[in-house]
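Enquirer: After the structure tokens below, expect a handful of questions from me.
Every number in this text was worked out from the coordinates using simple rules, so none of it is lab data. Everything quoted here is computed from the prediction, not taken from an experiment. Because the Cβ atoms are built from the backbone with ideal geometry, glycine has one as well, and the counts that use them run over all protein chains shown.
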Amino acid sequence: MPSPADLSTSQISHIEVILNGGEPRRYPIVAQAGLMAGLGQECRQLGSLGKKVLILTDANLQNRYLNQVQASLQQAGFEVSSVVLDAGEPSKSLTQAQFVYQTLIQQGFTRKDTLLGLGGGVVGDLSGFCASTYHRGMTLIHVPTTLVAQVDSAIGGKTAVNLGQIKNMVGTFYQPKAVFADTDTLNTLPPREFMAGMAEVIKYGLIETSCDGQTGFFDWLETHASNLNAVLPAMIHRCAAIKAAVVMADELETKGLRFFLNLGHTFGHAYETLSEYGILHGEAVAIGMRLAVRLSVELGLIEATLLQRLDGLYQQVGLSSVLENAPHFPATEVLAIMKHDKKNQDAGIKLILPHQTLGRVVVRDDIPDAAILSVLKA
Ligand SMILES: NC(=O)c1ccc[n+]([C@@H]2O[C@H](COP(=O)([O-])OP(=O)(O)OC[C@H]3O[C@@H](n4cnc5c(N)ncnc54)[C@H](O)[C@@H]3O)[C@@H](O)[C@H]2O)c1
Ligand SMILES: [Zn+2]
């Protein structure tokens, strides 16, 4: 695991995820600028990927990166074909999964062959879902191309498709053989998508000590926020390392540790729902995270300076405009959705709140409605 001190070097080779449930498994997560050109060789070096690779991608990535990835894999000796989805959340469906299965069957793919997801979280979740179920599990490689995918969805093994309007209703836990994140792909990402990903990045700064015992990532972000382009591989590595630590400790989400990753998400999800998904997930997380920090301050769980520092960081990365343009919903409606969402109907709303020092969080389900309403109205 890289320590915060290592983050000044952008050439950290890779992080290793080691999973001990059942058969011990390990795989690399690599984040580097320009990685895509050598992707074929990287895959070759992994060994045992089979002969064939099916690249699953979306229409926005087809023109930008598909040819390069295909050529690199062919040069490394793989037989390569592709499926191109419409871009966007509706492609994360059983209908598209069925189309992928049919393509794999028609082209004679075995479970030793490889499905490679080239794209954001939509492509990644669908690739993972198809790979985990085709022949009860074929080889999977993630090549994430959004910030959300590079720091979050490609790591951790959660796969899913939506069932009609119900998001992530059907899914599996399935780890890839490797994650290759080319940080240069973020240069073509729409700025709004990049910013949404920054909300998840900042989240890691607020939870890191609870996840892997380290400190300093939030401070590091404050130092580098004005020139993020220069430090993207290091930034992504640190986020990946934090998520990997949580996943290694709680692969199947049975021990509650993975819940730390939901900082800001209970509030955020209510905003996402009430806006009828008119705001991006990361934007909702940015709104929700600020509410969580504010609530923590009001409850005396953490010093008020954290809220000022969060606002400062939002300002630096451009997330303050998301807050300024956030939709306004009546506090009681937001609270009602938060109550409806909670999985345990007997307990109160489960919230992750910053606690004691920057980087630490606590899970609480005993916060009075009045306190929650007070921050929602502020
Ligand atoms: N499995 C998990 O643990 C996990 C975690 C977080 C989110 N998710 C899922 O991820 C999905 C959201 O992922 P996302 O935010 O990456 O959205 P996305 O996959 O829809 O990508 C966002 C947009 O950016 C485009 N795009 C992707 N890479 C690009 C690039 N390099 N240049 C230009 N355009 C590019 C896409 O075509 C799309 O239009 C949701 O379905 C969510 O449920 C899963
Ligand atoms: Zn999220």
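Enquirer: Could you work out how far helix 121-133 tilts from the main Cα principal axis of the chain, as a 0 to 90 degree angle to the nearest 10?
Expert: 60
Enquirer: Work out the charge dipole of the chain with +1 on the Cβ of Lys and Arg and -1 on the Cβ of Asp and Glu about the Cα centre, then indicate which of 164, 235, 40 is farthest towards its positive end.
Expert: 40
Enquirer: Follow-up. Helix 94-106 against the longest principal axis of the chain: what's the angle in degrees, Cα atoms only, rounded to the nearest 10?
Expert: It works out to around 20 degrees.
Enquirer: Another question, then. Calculate the tail of P(r) for the chain: the fraction of all Cα-Cα distances greater than 32 Å, expressed in %.
Expert: On the way: 22045 of 71253 pairs.
Summing the P(r) tail past 32 Å for the chain gives 31 percent.
Enquirer: What three numbers, in Å, describe the spread of the alpha carbons of segment 140-250 along their principal axes, ordered from the longest?
Expert: Dimensions of segment 140-250 along the principal axes of its Cα atoms: 42, 34, 28 Å.
Enquirer: Can you tell me the Rg and the Dmax, both Å, for the Cα atoms in segment 33-188?
Expert: Every Cα atom of segment 33-188 included, Rg and Dmax give 13.9, 41 Å.
Enquirer: Cross-link candidates for residue 52: which lysines have Cα within less than 21 Å, leaving aside residues fewer than 8 places away along the same chain?
Expert: Of all the lysines, those that pass the test against residue 52 - Cα under 21 Å, at least 8 places apart if same chain - are 112, 177.
Enquirer: So what's the convex hull volume per residue for the Cα atoms of segment 38-102, in Å³?
Expert: 92
Enquirer: A further question follows. Counting other Cβ atoms within 10 Å, which trypsin sites (Lys or Arg not before Pro) in segment 294-378 have at most 16 and lie in a DSSP loop? Working shown, then result.
Expert: Working: sites: 294, 309, 339, 342, 343, 350, 360, 364, 377; in loops: 342, 343, 350, 360.
Qualifying residues, ordered by number: 342, 343.
Enquirer: Separate question: Please compute the alpha carbon radius of gyration of segment 192-377, then divide it by the globular-protein estimate 2.2 N^0.38 Å. Two decimals is fine.
Expert: Computed over Cα atoms of segment 192-377, the ratio equals 0.97.
Enquirer: Next question, about the same structure. Using modelled backbone amide H atoms (1.01 Å from N, in-plane), which distant-in-sequence or interchain residues come within less than 5 Å of residue 362's amide H?
Expert: It is 353, 355, by chain and number.
Enquirer: Give the residue from 370, 266, 95 lying farthest towards the positive end of the charge dipole for the chain; charges sit on Cβ (+1 for Lys and Arg, -1 for Asp and Glu) and the dipole is referred to the Cα centre.
Expert: 95
Enquirer: So, one more: Label points 7 Å out from Cα along the Cβ direction at residue 369 and residue 357: separation in nm?
Expert: 3.8
Enquirer: What angle do you read, to the nearest 10 degrees and between 0 and 90, between the alpha-carbon axis of helix 331-341 and the longest principal axis of the chain?
Expert: Approximately 50 degrees, to the nearest 10.
Enquirer: Using a Gaussian network model on the chain with a 10 Å cutoff between Cα atoms, which of 263, 54, 301 fluctuates the most?
Expert: Result for the chain, Cα springs under 10 Å: 301 fluctuates most.
Enquirer: Wrap a convex hull around the Cα atoms of segment 70-118, take a quarter of its surface area, and give that in square nanometres.
Expert: 3.9
Enquirer: Given the options 126, 284, 328, identify the residue whose Cα lies farthest towards the positive end of the charge dipole of the chain (+1 on Cβ of Lys, Arg; -1 on Cβ of Asp, Glu).
Expert: 126
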